[in-house]
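Following: one structure in structure tokens, then a few remarks.
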Amino acid sequence: MILENGVIRTLDPALPSARSLAIAGDRIAGGVGVHETALASPDVVDLGGRAVLPGFTDAHVHFPTWAAVQRDVKLEGCASKAEALDRVRRAERHGRWLRGHGWRDADWPDGNPTRHDLDEAVPDRPAMLVSKDYHALWLNSAALALAGGDLEVPGGVVVRDEAGEPTGLLYEESAWHFKNRHAVIPADEYVEAMRHGLRLANERGVVALHDKDGWLGAVGLWERLEQQQSLTARVWQSAPAETLPQLREVGLRSGLGSPLLRLGYLKTFMDGTLGSQTAWMLDGSGVVITSSDQLEEIVRAAAEAGWPVGVHAIGDAANRAALDAFERSRDVWEPRGLRQRIEHAQCLAPEDVARFAELGVAASVQFSHAPSDEHLAKRFWPDTLDGAYSFRSLLESGAVLANGSDAPVEELDPWAGVVAAVLGHWREDQRLTVAEALHAVCVAPTWLSYDERVRGTLVPGRYADLVVLDRDPFSVEPGELPDVRVVATMLAGRWVHNPPPWD
Ligand SMILES: [Zn+2]
């Protein structure tokens, strides 16, 4: 196949752009920039002036969770109970349950939700609607019946009517108890949701993802999709650090798998989050989930078993403790060539920024968090704003900077991340160029998944994992960047979104 009459942005410094690209089988063929006449009657695709780039990677996504949520009825912004019920009534039905989220009844003029309202809208199956703050459930009678009275737990609230019957509202621990016990999503439904989610991801140019959900059961779900030929992205799967003993016992280590699905890294947490004020800060505030010494132990044990570690660190103290642990354990992991990562790296003490590059620890950041967390950061971190979302400082110090969405926290949309990094950062000195942001989306994540020699740039011999954009992001005015659209996506030489011709 030859893609011609467009702009090929290879992201390879040796030959940054070309006018055509040849693809043979699942790889980019020799002769980027020249027509490959040796190929027998190749398919010629007219790009019509569009741009081709390496496909996008989302380096931090809770994919099964995000995929399942995509099928929920969305109740955000409902001004009344009637409006919420109307959305529920009109929703497509998938699987055994009707699920939804996002309602907030504080200002509803027509009263609190009850199971009777929901029974009328969903008479045929259990229904569970999660509130916007994730602290309450609104259930119908069919859902309540599944619990068989198993509702009361310490720390929970079950709202009851005058007769003592549950009204369908559960709060706090009762809500979680119900959800985890009686409303578990069956594997079949997860697989369906993930198949649908992969299509959405492909539409947004995604060809690879580093899955941060990390439950081991997800591997089996991905495998089913792969067997059904529906795994249309490369998956680098995480696993909880606590599972290391089991993984070691059966001899599983990072890198095992197929070209599409591989075991990746162990995940653990140093601290909480900015929004809930549980980020571990140098001023002494926040929550310590894992100490520096504990992380050092985890990193050493993981390294000996052949696993790199991805550690969640939001606060400046959490990041320092993580860097310290990687530094002290360097003798074990560095000789093994392990590629360690800190997830988020959201607030850094200025003197810690250069340590990422010095140690060779990647910063796995979320470009979209910079604009969307602006008001929270200004409110909770007024004295440490100089260290927040230090994308440019990290890059200039030589660190590997990879971007992920953290979906479902943000939308799974790598291009939105690029736009956020180039235009949306309130610290203007930390904004990136289009080339730098795209590097974090296309190239840097492949270093973390050890496949930088087979993909990530459009160079002969590499996998033909690419995205077609409606215009060349390197030549448009900055103000036009938010309008750039993904036209088509290819994984290993096969179109996985919108095959040509395009009009
Ligand atoms: Zn996350």
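The values are calculated or read from the model by the stated rules, or taken from the named source; none is laboratory data. Everything numeric here is computed off the predicted structure, so don't read it as measured data. Note that each Cβ is placed from the backbone with ideal geometry, even for glycine, and that neighbours are counted across all protein chains shown.
The single condition from (1) within 16 Å of the ligand (Cβ to nearest atom); (2) in a strand (DSSP E or B) that R262 fails is (1). Can you find even one residue in the range 214-226 that is touching a residue at least 40 places away in the same chain (Cβ under 8 Å), crowded, with 24+ Cβ neighbours inside 10 Å and under 26 Å from L146 (Cβ atoms)? No, the range 214-226 has no match at all.
Among the residues of the range 158-213, those that are on the phi > 0 side of the Ramachandran plot and surrounded by fewer than 19 Cβ atoms within 10 Å (Cβ to Cβ) comprise G164, E172.
Within this structure, A147 fails the test of being under 18 Å from K74 (Cα atoms) and crowded, with 16+ Cβ neighbours inside 10 Å. Could you say which residue among L169, L209 is among the aliphatic types (A, V, I, L, M) and in contact with an Asp or Glu (Cβ under 6 Å, 6 or more places away or on another chain)? L209 is the lone residue from the list that is among the aliphatic types (A, V, I, L, M) and in contact with an Asp or Glu (Cβ under 6 Å, 6 or more places away or on another chain). Within the range 429-442, not a single residue is touching a Pro at 6+ places or on another chain (Cβ under 7 Å), assigned to a loop (DSSP other than H, G, I, E, B) and buried (at least 17 other Cβ atoms within 10 Å of the Cβ).
Rundown of residues vs (1) outside the structural domain of G310 (by TED's automatic domain parsing); (2) of a type in the set (A, V, I, L, M); (3) at pLDDT below 95, yes/no style:
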site: D188; (1), (2), (3): yes, no, yes
site: R199; (1), (2), (3): yes, no, no
site: L209; (1), (2), (3): yes, yes, no
site: Q228; (1), (2), (3): yes, no, no
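Of everything in the range 304-346, what is within 16 Å of the ligand (Cβ to nearest atom), touching a Phe, Trp or Tyr at 6+ places or on another chain (Cβ under 7 Å) and assigned to a helix (DSSP H, G or I)? Give them in sequence order. Selection gives A318 alone.
Yes or no: P482 closer than 23 Å to I2 by Cα, modelled with pLDDT of 95 or more and not hydroxyl-bearing (S, T, Y)? Answer is no for this residue.
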